[in-house]
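Undergrad: One structure follows; several queries about it will come next.
No value in this document is a laboratory result; all are computed from the given coordinates. In this text, all values refer to a predicted model and were calculated from it rather than measured experimentally. Don't worry about glycine lacking a Cβ; one is built from the backbone with ideal geometry, like all the others, and counts go over all protein chains shown.
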Amino acid sequence: MILDEEEQALLAGAAGSVPQQAIRHQIQVGEFFGARDFVRVAQAHVMADTESLGQAGVRWLEALAATRDGRRRVCIPTITDPRGTDFAKAGELGQSDWMLDLERRAIVAFVKLGVTMTDTCINYQTVLAATRGEHVAFGDTGVVIYSNSVNGARSNFEGGPSALAAGLTGRTPRYGFHLDEHRRATLRLRVDWTPRTLNDWGALGAVIGRLAGQYWVVPVVEGIDRPPSSDELKHFGAAMASFGSTALFHLVGLTPEAPRLADVGADRLAIAHRLGEAEVRALQQSYPRDGRVDVVVFSAPQLSLLELRELSALCAGRRFTVPLLAVTSPQVKPDADRFGYTETIEAAGGSVFAGMCFYQSYAREIAEAKGWKRLATNSAKLVNILGGYGYAPMLGSMQACVEAAETGVLA
Amino acid sequence: MSGITLQARHALGAPVAGEALVAKDGFSARYDLDRIRGVFSRPSHKLVGQSYAGRILVLDTAKGGVASAWMLYEMQSRQLAPLAIVFNTVNPILVQGAALGGITMLAGFDVDVTQAVAPGSRVEIDPRARTLRVL
């Protein structure tokens, strides 16, 4: 890779061993992908729940944070993805003290490194959305696909170590979705049915993600008949990224880089697949509704204020027979409290969590501690992930899931 | 298929040799593995129930979220990581994780590597030459 003077100095250790270690890591990754040079980034977003980090990862962070030579703090705004717990409600999840201790140690290390603990995977709705053409280093696949596709920003999937490295150096290797040539469409799809619920948007994203199949495929979709809301695109993108490892999509006439097919090179592509309601229903039905439900979870991505408003309205006056968990960001939770949404949900027997995400919070251990296996959710992303954690996940609309919390059965 | 050498476009890590665990399927440390036991746990995965520790994974593509970048390092710290991971196509997360975890990685072939390498065969990877040799 071609390094400018500042990068050469970082590599030589002029700023200390922490930035030096960071840029070494970035060069190793950049050279793997044939990056020509670095690009400066405006923000970094670090995914680092302790279920992923483990003891080894936390020790690695603590070692960085304990470094005394040179600079150890990030040099650009660097924020965090959800943590592995909501400390105020960890007992409701059956989490053990060692999990909470590990979380606390990770937080202390991140703060010493200058990281801002936003603990959210919906930073594009709640903190600071990236803008068109802005280069960023974002973790969480849902954040990346939304920022790339809806905002027109430029990011690869940056795992925790690489996003932290970007925070420490202020740059990232210029490859993948930082480059024009990788942002052009490679898979053309036509839909003849526009989803109406968040669950349907997620399922359509899941279908497209499965068809895309890998990171470097860029789907372009024609036929969506109205501008989707931010929450609809959040579920659509998060599911597509989860099922397909997809990092960028275009909706013709709707997303910023694709006013017309030709703008993303898709006029030269044949339509590879025609999709409609049947494909969405088939995806949903591939997660069988198996009688009783043990728990209902709204998470992945964290709920926006308007999702909590809708959920609150659905919960009003009900009395749940199985636990209902709703997970949001620390930025949204105070407003949900202020507007009475939390109180309404919890009066029905639900529980509103902040700053975590269900699957990033020791989901396997929660299942064992609480005896939860049959889980109902409206998140296509969550059903995709939880199979590997021993759950039998079921996918339904928000309304159907709320009713399941009351009746114990997902209709 | 013994004796063949496959050329990759991307590589990192140290030279290794070991037994290949092969499937035309994806890979995500979060979605697919019981990392405590060191086995594939996702019911729909073609390698479900099989141990990956110390073996060379030969798979189609990287899948899923960003957690694998930390998880490979954590798995390596407990000596319950694959010896190497070989993909037809890879995403940045698995590369970042391999770089942090010191796990050899190879990706990008002109043939389908999951077809070219027989399950259980012994293979040798030379990252400097970007080659995989079936012994």
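Undergrad: Go ahead and set up a Gaussian network model of chain B, Cα springs under 10 Å, then flag whichever of B:VAL39, B:VAL48, B:VAL86 fluctuates most.
TA: Residue with maximal mean-square fluctuation among B:VAL39, B:VAL48, B:VAL86: B:VAL48.
Undergrad: Quick one: helix B:92-101 against the long Cα principal axis of chain B, what's the angle to the nearest 10°, folded into 0 to 90?
TA: Between helix and principal axis, roughly 90 degrees.
Undergrad: Take chain A, connect every pair of alpha-carbon atoms lying under 10 Å apart with a spring to form a Gaussian network, then pick out the residue of A:HIS250, A:HIS182, A:HIS135 with the largest mean-square fluctuation.
TA: Answer for the Gaussian network model of chain A: A:HIS182.
Undergrad: Okay, next question. Residue by residue, what Karplus-based ³J(HN,Hα) values in Hz, rounded to whole numbers, does the range A:195-202 have, using 6.51, -1.76 and 1.60 with θ = phi - 60° and x for Gly and Pro?
TA: For the range A:195-202, the Karplus-derived couplings read x, 10, 10, 4, 5, 5, 4, x Hz, x marking Gly and Pro.
Undergrad: Still on this structure, I have one more. As a check on your grasp of the helix formula, calculate [θ] at 222 nm for chain A: sum -39500 (n - 2.57) over DSSP H runs of n ≥ 4, divide by the residue count, round to the nearest 500.
TA: Taking each H run of at least 4 residues, the total per residue is -12000 deg cm²/dmol.
Undergrad: Measuring from label point to label point, each 7 Å out along Cα→Cβ, what is the A:THR194 to A:ASP263 span in nm?
TA: My value for the distance between the label points is 1.7 nm.
Undergrad: Using the basic label-point model (7 angstrom from Cα toward the beta carbon), what is the B:ASP112 to A:ALA316 distance in nanometres?
TA: Result: 5.5 nm between the two label points.
Undergrad: I need the calculated FRET efficiency for the pair B:SER51 and A:GLU181, taking r as the beta carbon distance and R₀ as 51 Å, to the nearest 0.05.
TA: Computed FRET efficiency for B:SER51 and A:GLU181: 0.80.
Undergrad: Count the net charge of all other residues whose Cβ sits under 15 Å from the Cβ of A:HIS250, scoring Lys and Arg as +1 and Asp and Glu as -1.
TA: Charge balance near A:HIS250 sits at +2.
Undergrad: State whether the range B:21-87 is rounded, prolate or oblate according to the following rule on the C-alpha gyration tensor (a ≥ b ≥ c being the square roots of its eigenvalues): a/c under 1.5 gives rounded; otherwise a/b larger than b/c gives prolate, and the remaining case gives oblate.
TA: Note, shape of the range B:21-87 comes out rounded.
Undergrad: How much FRET efficiency would the formula 1/(1 + (r/R0)^6) give for A:ALA63 and A:ALA88, where r is the Cβ-Cβ distance and R0 is 25 Å, rounded to 0.05?
TA: Using R0 = 25 Å, I get an efficiency of 0.25.
Undergrad: Cα-Cα over 23 Å: which of A:LYS89/A:LYS370; A:LYS112/A:LYS333; A:LYS234/A:LYS373; A:LYS381/B:LYS63?
TA: Distance filter (> 23 Å) returns A:LYS112/A:LYS333; A:LYS234/A:LYS373.
Undergrad: Related question: Sort A:ASP49, B:ASP34, A:ASP69 so the one with the fewest other Cβ atoms within 10 Å of its own Cβ comes first.
TA: So the ranking, lowest neighbour count to highest, is A:ASP69, B:ASP34, A:ASP49.
Undergrad: Return one number: the angle in degrees, 0 to 90 and rounded to the nearest 10, between the long axis of the Cα atoms of helix B:68-77 and the longest principal axis of the Cα atoms of chain B.
TA: Helix B:68-77 and the main axis of chain B meet at about 90 degrees.
Undergrad: Then there is this: What is the magnitude of the charge dipole of the range A:88-241 about its Cα centre, with +1 placed on the Cβ of each Lys and Arg, -1 on the Cβ of each Asp and Glu, and no other charges, expressed in debye to the nearest 20?
TA: The dipole magnitude comes to about 420 debye.
Undergrad: Which FRET efficiency value, to the nearest 0.05, do you get for A:GLN399 and B:ARG78 by plugging their Cβ-Cβ distance into 1/(1 + (r/R0)^6) with R0 = 45 Å?
TA: Between A:GLN399 and B:ARG78 the formula returns 0.55.
Undergrad: Tell me the Kirkwood hydrodynamic radius of chain A in angstroms, computed as one over the mean inverse distance between distinct C-alpha pairs.
TA: One over the average 1/r among Cα pairs gives 21.8 Å for chain A.
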